[in-house]
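The values are calculated or read from the model by the stated rules, or taken from the named source; none is laboratory data. Being a predicted model, the structure only gives us computed values, none of them experimental. Note: ideal-geometry Cβ built from the backbone for every residue, glycine included; neighbour counts use all protein chains shown. Just so you know, the surface numbers come from the protein's heavy atoms only, side chains and all, with ligands and any DNA or RNA stripped out. Shrake-Rupley method; radii C 1.70, N 1.55, O 1.52, S 1.80 Å.
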Amino acid sequence: MRVLGLETSCDETAAAIVARDADGHGAILANIVLSQLDEHRAYGGVVPEIAARSHLSHLDGLIAAALEEAGLDFGDLDAIAATGGPGLIGGVMVGTLTAKAIAWAKGLPFLAINHLEGHALTARLTVDDPAEASFPYLLLLVSGGHCQLLAVEGLGRYRLYGSTVDDAVGEAFDKVAKLLDLGYPGGPALEKAAEGATNPARFRLPVPMQGREGCDFSFSGLKTAVRQQIERLDGPPSAADRADLAAGFQANAARSIAERTERAAQRFTQECGPGRPLVVAGGVAANRTIRRALHQVAEAAGMRFLAPPLDLCTDNAAMIAWAGAERLAAGLSDPLDFRPRPRWPLAELTGGSTVGDAR
Ligand code: KG4
Ligand code: ZN
């Protein structure tokens, strides 16, 4: 089956077409992402109204381009999927209304996809053999808006092990990058600045939640500690100060994520058995220090580490099309009066019990 997917929940306008065969093999036929970064840069963050207007201006053109790249017409599609939330409501409305209009005009099923489920299922699209990413697996979802550890037991079946009690890790990267005047978006800029560090341990910074029970995260204390170190300097931070602070922050954030994930891995192994995958998803999964730390955690826990390619870790529509294809294959679709959901926890998803992958 072939599914067109649309992603408009934040500051990327994206359209993609994926194919899924009866055995669960996936293929990306087109994947186009238009970043709005330049439109928001002057404000140092995403402006919802600008984002929604930009989605509206560009989405139709991107859909046409995706069809052309795949060499397909609307008539070759089996369904239309769009992010139904969580996200900025204006953008989600643009995406879902567009998808509903196409679905209605062409008589195709419509699927409202939870953006987080899109991230959560991406690994199943990118593995060569679907058995490598069969359910259940442990998922670490780390993005600008989310920071969670979940047991993924099936389509629409998620059990939350822990989440952040304050900032999401990507949000903390973005805020610390702003404190250090490293530019926007902060995560990649901070990672780059950290490469120039000569002494990442020079500034005393805490490792968040170290030794705490459970699998929750917290990043605001680490962020505040960076601000206090900047305030203690004589004058504005030099390039060397900024590099060391960036590296110190990144190292401790990675250490914290690794420690929390280690705890989740123990619990998951007890509940779901050994040798299952540890999957990382979301924009922060692009960070190499964090990837390395997680790889080690997986190895130590006897789990297989699965990380989608970098361009499929950050927001894209291939993951939305793929989640649509998986849901369609399970016999699911959504009514055309689906209401966009600015908030939509994964734990509230339903409807996946039909996909019972072999262990
Ligand atoms: O998943 P995503 O594209 O959007 C959502 O938040 O849903 O994630 C974007 C987040 C931003 O906070 C960005 O700064 C962070 O991911 N990010 C990174 C890196 N690349 C993106 N954080 C740390 N290191 C990176 N290399
Ligand atoms: Zn995302």
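Observations
- Over the chain, accessible surface divided per residue gives 42 Å², non-protein components excluded, 1.4 Å probe.
- DSSP loop GluC sites (Glu not before Pro) with at most 15 other Cβ within 10 Å excluded, longest remaining stretch of the chain: 1-194
- Between helix 48-70 and the chain there is an angle of about 60 degrees, using the helix long axis and the longest principal axis of the Cα atoms.
- Carbon-plus-sulfur accessible fraction, the chain (probe radius 1.4 Å, protein heavy atoms only): 50%.
- Segment 69-92-segment 236-267 distance, computed between alpha-carbon centres (Å): 36
- Relative to the longest principal axis of the Cα atoms of the chain, helix 169-179 runs at roughly 50 degrees.
- Projecting the Cα atoms of 298, 324, 28 onto the charge dipole of the chain (Cβ charges, centred on the Cα centre) puts 298 farthest toward the positive pole.
- With the convex hull drawn over the C-alpha atoms of the chain, the volume per residue is 126 Å³.
- For the chain, the antiparallel share of DSSP beta bridges with both residues in that region comes to about 60%.
- Rh by Kirkwood over Cα pairs, then Stokes-Einstein D for segment 35-163 at 0.890 mPa s and 25 °C, µm²/s: 146
- Computed over segment 1-106, Kirkwood Rh from alpha-carbon pairs, angstrom: 14.1
- Per residue, the convex hull spanned by the alpha carbons of segment 144-263 comes to 106 Å³.
- Largest mean-square fluctuation among 330, 286, 253, in a Gaussian network model of the chain whose springs join Cα atoms under 10 Å apart, belongs to 330.
- Axis angle, to the nearest 10 degrees, between helix 220-232 and the longest C-alpha principal axis of the chain: 40 degrees.
- Residues whose amide H comes within less than 5 Å of that of residue 162, counting only those at least five positions distant or on another chain, are 149 (H built at 1.01 Å from N in the peptide plane).
- The chain: Lys pairs at Cα distance under 22 angstrom, eight or more positions apart or on different chains: 5
- Semi-axes of the equivalent ellipsoid for segment 124-201, Cα gyration tensor, largest first, Å: 32, 16, 11
- Report note on the peptides 22-28, 139-145: ranked by the mean count of other C-beta atoms within 10 Å, highest first, their order is 139-145, 22-28.
- Between residue 337 and residue 50, the contour length at 0.36 nm per residue exceeds the alpha carbon distance by 100.8 nm.
- The order of the peptides 233-242, 336-345 by mean Cβ neighbours within 10 Å, most packed first, is 336-345, 233-242.
- Summed over qualifying helices (DSSP H, 4 residues or more, each -39500 (n - 2.57)) and divided by its residue number, the chain shows a 222 nm mean residue ellipticity of -14000 deg cm²/dmol.
- In a simple Cβ point-charge model (Lys, Arg +1; Asp, Glu -1; nothing else charged), the chain has a dipole of about 1000 debye relative to its Cα centre.
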